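FYI, it's all coordinate maths here, none of it is from the lab. Since the model is a prediction, treat every value here as computed from it, not as a measurement. Every residue, glycine among them, receives a Cβ derived from its backbone with ideal geometry; neighbour counts consider all protein chains shown.
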Protein chains: 2
Amino acid sequence: MKQVNVQVAVIGAGSAGLSAYRAAKQTTDSVVLIEGGTYGTTCARVGCMPSKLLIAAAEVAHSAAHTEPFGIVIDGQINIDGKKVMQRVRDERDRFVGLVVDAIDEIDPQDKLIGNVKFLTETQLQLDDHTTVNAQRVVIATGSRPTYPNAWDDLGDKLIVNDDVFDWQDLPSSVAVFGPGVIGLELGQSLHRLGVEVLMFGMGGKVGPFTDPEIMDYAEKTFSDEFYLDADAKVNNMQLNGELVEITYIDKQGKEQIKHVEYVLAATGRRPNVDNLGLEQIAIDFDDRGVPVADPHTMQTSISSIFIAGDASNQVPLLHEAADQGKIAGRNAAIYPNIVTGLRRSAIAAVFTDPQLAMVGLSYQQVTEKLGGCDCFETGSVSFENQGRSRVMLKNKGLLHLYGEQGTGRFLGAEIIGPQAEHLAHLLAWAHQNRMTISQMLEMPFYHPVIEEGVRTALRDLNAKLKLGSAMTSECMECGPGC
Amino acid sequence: MKQVNVQVAVIGAGSAGLSAYRAAKQTTDSVVLIEGGTYGTTCARVGCMPSKLLIAAAEVAHSAAHTEPFGIVIDGQINIDGKKVMQRVRDERDRFVGLVVDAIDEIDPQDKLIGNVKFLTETQLQLDDHTTVNAQRVVIATGSRPTYPNAWDDLGDKLIVNDDVFDWQDLPSSVAVFGPGVIGLELGQSLHRLGVEVLMFGMGGKVGPFTDPEIMDYAEKTFSDEFYLDADAKVNNMQLNGELVEITYIDKQGKEQIKHVEYVLAATGRRPNVDNLGLEQIAIDFDDRGVPVADPHTMQTSISSIFIAGDASNQVPLLHEAADQGKIAGRNAAIYPNIVTGLRRSAIAAVFTDPQLAMVGLSYQQVTEKLGGCDCFETGSVSFENQGRSRVMLKNKGLLHLYGEQGTGRFLGAEIIGPQAEHLAHLLAWAHQNRMTISQMLEMPFYHPVIEEGVRTALRDLNAKLKLGSAMTSECMECGPGC
């Protein structure tokens, strides 16, 4: 049995683990990075990057199919070559994974260990049957994996998760997507736009990342107009039938339907990879999902020498948060016991559907819990349906809600469905982190004609509701036609 | 002769005039709004809005013609129906103009006068031969018009300006565009993408709004790759030849060429409409272009009761600046003599080509004049050619320069050619107006994978050059693949 003695062991070489390794190495040379699977991050292999590649193809196909209102007539067939679509997705995905692998190749081989980790004690890790690592401090950065009801395993290789989609050699003819959350909507809409028949089923009526009921309703309606989506579905049976999956469900009109699809895509959530680490061997505190509890500012768990970062922490499962958490956890593991709090930025999340979805700062639910009891906040609103630039581009679908605090006038958060929401979200998230008031935001420059002018209309609405200014009465007198 | 006595007369019912009228009316009821031509603003009739409509059609046509790399094959012809393209441009343009006219319809008829204005004295205006207006204070908001060499008038109706383009019933087969500035590039590239043969000629090598030589070079190269553009052209002759214009020029290889085009589009600049107002009758101070000098914070001219706003002022000929200037001028005319300074925002300008162009804060030239002598600023740079998200969408063309001050670390300005630059410009302009440092900007949230991550790479580069932080060494360890 090989013995390794180090100051810091990082378990997992994904986005959080790499960031933690790098941060720890800035303070101490004695760090190992342990990987149990193959190198390459969730983001690059099966997450952000390949999904954006599929979306890029879907947008191009959709745009080509909707040229007529602009006076552009395609006289012929738009052929979606599934093999070529998936070839580009895989090739570019492989390139992004290659960048990660290259970065790992540059790490000193002495710092890299391969094996599945079990905690023996708080400071002792067993790697398979070949190595024992004595680590004074540990960072858990083991990521997450898709989760779905066990019964679905009966569908065999007809049941797929997002990982599988990006290894397809061709596009299937039909897919039933379970879960109209972030992953389900991005993949489901893309596949639909690439000519795949899509049925999307949810539970409990939730659509996207939203907590604001009006924004969620708008999203539900928008996506339902494009493909079959029942956000509160009654699926009575799913079973293999030859090469297809037979799904029996009650449709939105209350009628029983039987449909056959090539695949069932489970986009029903992800769970942190903390259940096979032997954590039961050490007296670490878990939350009610079985995930070690950690301080979001230090990433320290209830065992002071153990830190956690990234999807494994079950805090905010997003790439940029994993990088930040990894940096905090890695540095603190290195400088322990004199740990410090790290930078946690204002919340931002974007979903790359069309229209796009985004969340900034506090959600409607958080604002309501915090300030709803005293009528201490207001909601500013704008529809993108008649917003000038959105209409020019025929991207005029969407609704934006901004939340602002009575008294202070501070911007609290936003929920958005609309064109270019990823960019609006950055503008708003920076304003949020800068602790700007709605009045200050209205003093900022807005060009014309831009989609950001929709944000301004919502800010004007909110400012008026906060009794800090007037509502927009005549856009032509104040900011130009279609502003 | 009708006599009208008012406290405030606003000359011109365009964007600046409407804003001035509205602001003045908030203080005094005694305001008249005088229009010499037809109602409807430059922005709505012949500027921002119709140009964005033409660009929207061009982008859709361009996207449909470039689907193959994504695996989407159009089996047939992409027909650009010029009549339908122009129909939508005119219909939607008319709708925007209608919004302006509706707003003007709501103004009390007593407040509206029609006529061409001549100053008789500082406080006396003659409208054609029918009305004399005695105005204690005056706001000049007469806009601007295209300007070009007189000799070109020999081309008759084959010489056009941007106004004419938006009244076309169909697309022509060929156009020579003179002036690769903002208007020339937007219209020229759109027409090219809509199947019109475009030749673009400039003088002196300037392309777009840029002052940074590297950014300008990149723009020159990018647009030259798409259509014939000689930014420093030698045109020896232009003359009518039947229904066409014959142009004789020396091409970039030094060879004489003779080409025939359907139209010559003069995009050679605009001049303020202050030359026919009888301003020579009053002792107002002019700049060397014959435009009344005004304080940009009060919009007051050298005659204390006369204010100027919008394109007429020749300060920043942009819609949002016209609205701000109008508001300042109108309010100050109303509260005169106790005038106040008004809000002037950080500079932002965007050009809606592909890639887009943008300017924020101080230009390279302004930064150099202010801080170049002492080596007091640095330039952070990023190319979008390998930026992750840009590459995913095959929009990976562009170059961004950010300028930051040594010592304070403050963000000074930016020049950008790149994808979605209009959105990056808003983020940067808000940061500029918030007087943020580069280090503070790096603390802000960036989602993944987004084009804003390119801005972060440039910020990291700039921060390192300002000796305030480290440069990005391994994106995979710090912010994910393709960040």
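Just the projected area, averaged over all directions, of the convex hull on the alpha carbon atoms of segment A:3-59: how many nm²? Averaged projected hull area, Cα only: 4.8 nm².
For segment A:34-120, the spread of Cα coordinates along the three principal axes comes to 67, 26, 22 Å, biggest extent given first.
For segment B:72-155, the list of GluC sites (Glu not before Pro) that fall in a loop by DSSP and count at most 14 other C-beta atoms within 10 angstrom reads B:E106. If only the Cβ of Lys and Arg carry +1 and only the Cβ of Asp and Glu carry -1, the dipole of segment B:259-371 around its Cα centre is close to 280 debye. Measuring from each Cβ of chain B to the axis carrying B onto A, the nearest residue and its distance in whole Å come out as B:G76, 1. Segment A:250-290 and segment B:341-398 have Cα centres separated by 45 Å.
Between A:C374 and A:M1, the contour length at 0.36 nm per residue exceeds the Cα-Cα span by 128.0 nm. Each copy carries a label point for B:C374 at 7 Å from Cα along the beta-carbon vector; from one copy to the others these points are 4.8 nm apart, nearest first. Full extension of the chain between A:E443 and A:D232 yields a length gain of 71.7 nm, computed as 0.36 nm times the residue separation minus the alpha carbon distance. Per residue, the convex hull spanned by the Cα atoms of the protein assembly as shown amounts to 191 cubic angstrom. Every Cα-Cα pair in segment B:134-214 was counted, and those over 15 Å apart are 67% of them.
Our helix-only sum for chain A, with -39,500 (n - 2.57) per DSSP H run of n ≥ 4 divided by its residues, gives a mean residue ellipticity at 222 nm of -9500 deg cm²/dmol.
Membrane-span-like helices in chain B, defined purely by DSSP H runs whose alpha carbon atoms cover 18 Å or more axially and whose average Kyte-Doolittle hydropathy reaches 0.0, are B:48-64. Using a simple spin-label model with pseudo-atoms 7 Å out from Cα toward Cβ, A:E68 and A:D251 lie 2.4 nm apart. For A:H66, the point set 7 Å out from Cα toward Cβ sits 1.9 nm from its twins in the other copies, listed from shortest up. Using +1 at the Cβ of each Lys and Arg and -1 at the Cβ of each Asp and Glu in the protein assembly as shown, identify which of A:Q281, B:M1, A:P50 lies farthest towards the dipole's positive end. Result: A:Q281. As a rough footprinting exposure proxy, the listed residues B:R22, A:R271 were ranked by other beta carbons within 10 Å of their own, and the order from fewest upward is A:R271, B:R22. Of the GluC sites (Glu not before Pro) found in segment A:349-399, those in coil by DSSP whose Cβ has at most 15 other Cβ atoms within 10 Å are A:E385. For segment B:150-268, place one equal point scatterer on every Cα, skip the solvent, and apply the Debye formula. What is log10 of I(q)/I(0) at q = 0.09, 0.10, 0.14 Å⁻¹? With no solvent term, the Cα-only Debye profile gives -0.22, -0.27, -0.54.
Taking every lysine pair in segment B:1-121 that is 8 or more places apart or spans two chains, those with Cα atoms closer than 18 Å amount to 5.
At a Förster distance of 45 Å, what's the computed FRET efficiency of B:E280 paired with B:N386, Cβ-Cβ distance as r, to 0.05?
For R0 = 45 Å, the calculated efficiency reads 0.20.
Measure out, as a whole number of angstrom, how far apart the alpha-carbon centroids of segment B:452-468 and segment B:112-145 sit. Here the answer is 52 Å between Cα centres.
Dipole magnitude for chain A: about 1000 debye, using +1 per Lys or Arg Cβ and -1 per Asp or Glu Cβ, origin at the Cα centre. Net charge dipole, the protein assembly as shown: roughly 1700 debye, given to the nearest 20, about the Cα centre with Cβ charges of +1 for Lys and Arg and -1 for Asp and Glu. Taking every alpha-carbon pair within segment B:348-465, the share separated by more than 22 Å comes to 26 percent. Taking segment B:150-268 as the region of interest, the number of lysine pairs whose Cα atoms are within less than 15 Å, with members eight or more places apart or on different chains, is 7. Once backbone amide H atoms are built at 1.01 Å from N, B:T437 has B:F411 as its partners under 5 Å, excluding neighbours fewer than 5 places away on the same chain. Shielding by partners for peptide B:376-389, expressed as the average number of C-beta atoms from other protein chains within 10 Å of each residue's C-beta, is 1. To the nearest 0.05, how large is the calculated FRET efficiency for B:V340 and B:D111 if R₀ is 30 Å and r is the Cβ-Cβ distance? For B:V340 and B:D111, the calculated efficiency is 0.80.
Computed extension length for B:V293-B:T147: 50.5 nm, one decimal, from 0.36 nm per residue of separation with the Cα-Cα distance subtracted.
With R₀ set to 30 Å, the beta-carbon distance separating B:T473 from A:T28 gives a calculated FRET efficiency near 0.95. Summarising the overall dimensions of chain A from its C-alpha atoms, the Rg and Dmax are 24.5, 79 angstrom.
Bridges between two residues of chain B, per DSSP, are antiparallel at a rate of about 60%.
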